[in-house]
Ligand code: SF4
């Protein structure tokens with residue numbers, strides 16, 4: 001990432017962190033993927049039961065790999081033949097790992113989901129939810145965050161899964177109702193009822209979509 005962009009992001013992150021804390025969430029800033037990984041592993045005690053939604057950002061900092069290879073009870077959905085069973089186990093995990101599709105400058109998160117296992121676990125169930133969020137996901141306000149989630153994150157994710165949706169042809173949301181749509185459930189997280197349940201690590205890198 002270009003030096004001036006990193007400088008701007010570091011300044012903006014202070015506002016984002018203040019916003020998250022005002023919403024009863026924990027938040028901290030990491031300059032690099034390596035620093036983010038170190039901070040994440042400091043938060044998750046050995047032996048913890050950990051699950052995750054489909055998150056490129058969690059993979060990108062090396063967290064899923066570290067948990068798989070470490071002394072943790074990591075629920076690896078890909079290794080489960082019964083995906084429903086893996087999803088149900090996630091609701092009682094000590095930690096659920098995720099990113100968000102977009103976040104506002106004052107700490108509101110937007111997530112869109114097809115199966116809803118990710119947004120439902122963010123909303124309720126796991127004792128802790130740890131978000132890994134690249135500064136590329138920060139948007140001015142909820143309107144911009146929703147536009148980013150729908151017109152950037154969802155079309156790219158639809159491409160990633162090889163889905164037959166209009167956005168895989170146009171590159172932008174066409175507000176479809178196709179059978180393959182991944183835009184079934186929209187979650188806006190504006191406050192955490194339970195102090196310390198949600199923890200966000202903002203990373204000064206481009207992570208995920
Ligand atoms: S609503 Fe349909 S077209 Fe729009 S992003 Fe979602 S899947 Fe793509």
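Here, each number is a calculation from the coordinates, and none is a lab measurement. Quantities reported herein were computed from a predicted structural model and do not represent experimental measurements. Cβ atoms come from the backbone with ideal geometry, glycine included; neighbour counts cover every protein chain shown.
Computing FRET efficiency as 1/(1 + (r/R0)^6) for residue 81 and residue 3, where r is the C-beta to C-beta distance and R0 is 30 Å, gives about 0.05.
Assuming a ≥ b ≥ c are the square roots of the Cα gyration tensor eigenvalues, decide whether the stretch 1-138 counts as rounded (a/c under 1.5), prolate (otherwise, with a/b larger than b/c) or oblate. In terms of gyration-tensor shape, prolate.
Classify the stretch 46-86: rounded, prolate or oblate, from the alpha-carbon gyration tensor (a ≥ b ≥ c, eigenvalue square roots; a/c under 1.5 rounded; otherwise prolate if a/b is larger than b/c)?
Numbers: a/c = 2.18, a/b = 1.20, b/c = 1.81.
Note, shape of the stretch 46-86 comes out oblate.
Counting only DSSP beta bridges with both residues in the stretch 66-172, the antiparallel share comes to about 25 percent. Annotation: for a label point projected 7 angstrom from Cα along Cα→Cβ of residue 144, residues of the stretch 1-42 with backbone N closer than 19 Å are 2, 4-21. Sticking with the crude label model, points 7 Å out along Cα→Cβ, report the distance from residue 56 to residue 42 in nm, one decimal please. Taking the simple label geometry, residue 56 and residue 42 are separated by 2.8 nm. Picking from 72, 91, 80, which is most flexible by a Gaussian network model of the chain using Cα springs under 10 Å? Maximum fluctuation in the GNM of the chain, among the listed residues, is at 80. Could you compute the FRET efficiency for residue 206 and residue 161, with r as their C-beta to C-beta distance and R0 at 22 Å, rounded to 0.05? The calculated FRET efficiency here is 0.60. Stretched out straight at 0.36 nm per residue, the stretch from residue 14 to residue 127 would grow longer than its current Cα-Cα span by 38.1 nm. For the residues 128, 194, 59, a GNM of the chain with alpha-carbon springs under 10 Å puts the largest fluctuation on 194.
The spacing between the stretch 149-191 and the stretch 29-102, judged by their C-alpha centroids, is 23 Å.
Between residue 195 and residue 176, 0.36 nm times their residue separation minus their Cα-Cα distance comes to what?
Values: separation 19, 0.36 × 19 = 6.84 nm, distance 3.73 nm.
3.1 nm is the gain from fully extending residue 195 to residue 176.
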